[in-house]
Amino acid sequence: MIRHLFRVPALAGAIAVLCATPALAQGDHDINAANTAWMLVATALVLLMTIPGLALFYAGMVRKKNVLSTLAQSLATCALISVLWLAFGYSLTFGAGNDFIGDFSNTFFTGEPFGAHEAAPTIPATVFLMFQMTFAIITAAIIAGAVADRMKFSAFLIFMALWMIVVYCPVAHWVWGGGFLQKAGVLDFAGGIVVHINAGIAGLVAAIYLGPRRGYGSENMAPHNLTFSVIGVSLLWVGWFGFNAGSALAADHRAGMAMLVTHMAASAAALTWMLAEWKVMGKPSVLGIVSGAVAGLGTVTPAAGFVTPVSGLIIGAVAGVVCFWASTWLKRKLKYDDSLDVFGVHGVGGILGTIATGIFATTVITLSDVGGWVDGKPEQILKQLYGVGAVLAWSGGLTLVILKGIDLVMGVRVPEEVEIEGLDLNLHGEVIH
């Protein structure tokens with residue numbers, strides 16, 4: 001029996017790795033201590049964005065009867081995606097593969113345990129894997145905001161697992177793993193396409209497929225506790241420095257610039273959303289200020305390491321107004337119930353930021369020949385639009401297929417009586433008093 005077990009390639013590879021001598025592993029001499037230290041911190045910051053950042057942000061915006069179920073979605077997504085990422089997500093994304101998908105050469109991280117990945121040659125592959133894992137986690141977790149208050153927890157978990165495999169991994173490979181969008185010259189510094197457009201369109205499709213919450217448009221669905229949301233956004237804002245500045249994959253000038261640009265964009269967007277809401281609604285709400293900050297953070301993400309601080313201010317200022325419009329007027333006009341404005345903030349923001357990257361990217365910051373319209377290279381805008389279109393079609397189409405398949409097998413939406421009484425008690429056997 002034991003002899004047969006050792007014939008399983010993944011198990012045999014894992015045992016071989018455990019028995020290897022780290023000091024003799026290829027690539028150790030290229031590891032930079034400063035870069036590694038920064039990336040360890042950046043990785044922790046990005047994980048902080050989901051737990052507890054996004055978890056609290058979302059939990060504060062739902063009704064009291066669904067707070068625990070919303071927290072559970074973020075926590076369970078973090079655990080589930082982590083396991084799947086180690087098993088094969090990382091390999092499918094960053095394995096050599098082809099223009100569309102990676103391969104299974106590094107399943108359970110058996111291919112490069114003590115070396116460095118070619119995409120990040122100065123940090124240990126363990127750190128690179130973990131850093132990229134946190135991106136996969138938060139991308140999936142963002143989608144939960146679109147289906148809040150009405151999706152079965154069991155269906156949610158299955159959806160997340162399938163979505164990561166057939167949507168997230170291919171898209172991340174296209175843009176960051178040597179796929180066809182990267183080869184075409186599409187720019188996405190830290191996830192405008194891979195994270196925000198990807199999750200945004202998936203959230204929109206899911207919200208439309210599940211249908212509106214019971215009582216949507218007629219019942220009071222005001223946030224339960226905006227204190228939670230403010231704390232959550234504060235953690236997201238700080239964590240985003242790891243998200244964007246960490247995407248430099250080094251402790252260098254680009255990391256510093258990305259951090260500065262990120263902060264200025266978030267600040268500008270929080271102000272312009274606040275002012276737009278003040279003008280339209282008559283009062284500047286706390287929810288509007290925090291939503292504006294997230295809009296600025298998401299919108300500048302694809303551009304953060306390619307643009308100047310002034311460009312970051314412009315991108316953020318525009319994002320605040322455009323995402324406010326998308327989350328209010330556009331949502332009402334199209335009559336879809338995206339519970340926590342995943343598409344309006346992340347989807348629209350990601351599209352806007354990706355196009356803005358094609359406008360404002362400059363060789364002054366990239367210290368290379370990479371530039372956009374401001375450098376006399378307007379063709380970069382077309383490349384960005386190509387990336388936007390490809391991901392909207394892939395993520396939107398396959399999200400619908402996955403949801404339809406799960407619905408046929410087990411259903412995706414909770415019964416009406418469960419929705420009325422609350423998901424916390426019915427799905428988790430717990431309530432907040």
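Just so you know, all these numbers are worked out from the coordinates, no wet-lab data involved. Everything quoted here is computed from the prediction, not taken from an experiment. Here the Cβ is made from the backbone with ideal geometry for all residues, glycine too, and neighbour counts use every protein chain on show.
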Treating only Lys and Arg (+1) and Asp and Glu (-1) as charged, each at its beta carbon, one finds that segment 360-415 has a dipole about its Cα centre, in Debye to the nearest 20, of 260 debye
Gyration tensor (Cα only) of segment 380-427 to equivalent ellipsoid, semi-axes in Å sorted down, yields 36, 14, 6
Cβ density ranking, 10 Å radius, fewest first, applied to Lys64, Lys383, Lys283 yields Lys283, Lys64, Lys383
Across all Cα atoms of segment 75-167, Rg and the largest Cα-Cα distance (Dmax), in Å, are 14.2, 45
In whole Å, largest first, the alpha carbons of segment 202-284 cover along the principal axes 52, 33, 22
Least to most buried among Trp394, Trp174, Trp38, Trp240, by other C-beta atoms within 10 Å and fewest first, runs Trp394, Trp38, Trp174, Trp240
Taking the convex hull of the alpha-carbon atoms of segment 144-271 and averaging its shadow over every direction gives an area in square nanometres of 10.3 nm²
Restricted to pairs 8 or more residues apart or on different chains, the lysines in the chain with C-alpha atoms under 19 Å apart form a number of pairs equal to 6
Fewest to most Cβ atoms within 10 Å: Val431, Val171 sort as Val431, Val171
The answer for Met151, listing residues at least 5 apart or on another chain whose modeled amide H is closer than 5 Å to its amide H, is Val414
Scaled by the rule-of-thumb 2.2 N^0.38 Å, the alpha carbon Rg for segment 248-391 gives a ratio of 1.06
If exposed means GluC sites (Glu not before Pro) lying in a DSSP loop and surrounded by at most 16 other beta carbons within 10 Å, then the longest stretch of the chain lacking such sites spans residues 220-429
The alpha-carbon center of segment 42-58 and that of segment 352-417 are separated, in whole Å, by 22 Å
The whole-number value in µm²/s of the Stokes-Einstein translational diffusion coefficient for segment 269-337, with Rh from the Kirkwood sum over alpha carbon pairs at 25 °C and 0.890 mPa s, is 202 µm²/s
Per the Cα gyration tensor, the chain corresponds to an equivalent ellipsoid with semi-axes, largest first in Å, of 33, 28, 19
With N residues in segment 332-385, Rg(alpha-carbon) / (2.2 N^0.38 Å) equals 1.50
In debye to the nearest 20, the charge dipole size for the chain, taken about the Cα centre with +1 at each Lys and Arg Cβ and -1 at each Asp and Glu Cβ, equals 720 debye
In whole angstrom, the spacing between the Cα centers of segment 238-262 and segment 131-177 equals 24 Å
The ratio Rg/Rh over the Cα atoms of segment 357-409, Rh being the Kirkwood inverse mean 1/r radius, stands at 1.34
